[in-house]
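Engineer: Let me give you the structure first, and then I'll get to my questions.
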Amino acid sequence: MTLTAKRALEAWDKTFETQDFSHLGAILSDSFNFIESNGHSQEKSETQEWATAGIIRIGDFQIIRETESYMVGTHSASEEGKGPSTVMFYAEHSNGLITYWKTCRSFA
């Protein structure tokens with residue numbers, strides 16, 4: 001199955017919802033790198049820890065651009081104890097696996 005931005009976002013949300021990393025783990029490369037809004041970098045194992053904690057949900061997916069090697073878009077994010085927010089993401093992928101994911105989160 002071809003990796004698309006929508007499929008990637010659905011895998012993130014399904015992992016958040018079920019706390020089962022297999023949804024997201026199936027599309028992340030072993031060398032995956034996640035960069036938070038504050039610049040903090042996380043490897044795949046660190047990403048797994050918070051993605052399966054069941055504390056965040058995403059929705060309202062808007063794809064700005066996607067190519068054979070990158071995807072850009074926005075989504076809403078809700079997290080207990082924090083106000084509503086919008087996240088812009090940039091991701092790089094190769095051979096059907098995401099290698100890099102950078103977010104910029106803005107609270108309303």
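Engineer: Pairs only if they're at least six apart or on different chains, beta carbon under 9 angstrom, first in region 30-59 and free of Cβ contacts under 8 Å to residues at least 60 places away in the same chain, second part of a helix (DSSP H, G or I) and of a type in the set (D, E, K, R); list them, first residue then second.
Structural biologist: So the pair list comes out as 30/44; 42/49; 54/17; 57/13; 57/17; 58/13; 59/13.
Engineer: Among the listed residues 70, 90, identify the single one that is more than 13 Å from residue 12 (Cα to Cα), free of Cβ contacts under 8 Å to residues at least 40 places away in the same chain and in contact with an Asp or Glu (Cβ under 7 Å, 6 or more places away or on another chain). Walk me through how you get there before you give the answer.
Structural biologist: Details: 90 fails: in contact with an Asp or Glu (Cβ under 7 Å, 6 or more places away or on another chain).
After ruling out the rest, the residue left standing is 70.
Engineer: Right, something else. Do we have residue 83 as in contact with a Phe, Trp or Tyr (Cβ under 9 Å, 6 or more places away or on another chain) and either of a type in the set (Val, Ile, Thr) or exposed (fewer than 15 other Cβ atoms within 10 Å of the Cβ) (or both) here? It would help to see each step written out before you state the result.
Structural biologist: Working: in contact with a Phe, Trp or Tyr (Cβ under 9 Å, 6 or more places away or on another chain): yes; either of a type in the set (Val, Ile, Thr) or exposed (fewer than 15 other Cβ atoms within 10 Å of the Cβ) (or both): yes.
Yes, satisfied.
Engineer: Considering only residues of region 36-66 that are surrounded by 14 or more Cβ atoms within 10 Å (Cβ to Cβ) and part of a loop (DSSP other than H, G, I, E, B), which is modelled with the highest pLDDT?
Structural biologist: Top of the filtered list is 52.
Engineer: Go through region 78-103 and count every residue that is outside any loop (DSSP other than H, G, I, E, B) and either more than 11 Å from the chain's Cα centre (by Cα) or at pLDDT below 95 (or both). Walk me through how you get there before you give the answer.
Structural biologist: First, the residues of region 78-103 that are outside any loop (DSSP other than H, G, I, E, B): 78-79, 85-94, 97-103.
In the following step, the residues that additionally are either more than 11 Å from the chain's Cα centre (by Cα) or at pLDDT below 95 (or both) were identified as 78-79, 85-86, 92-94, 97, 99.
Of the residues in that region, 9 qualify.
The values are calculated or read from the model by the stated rules, or taken from the named source; none is laboratory data. Bear in mind that the values here come from a model prediction, so they are computed numbers and not experimental data. FYI the Cβ positions are ideal-geometry reconstructions off the backbone, even for glycines, and counts take in every protein chain you see.
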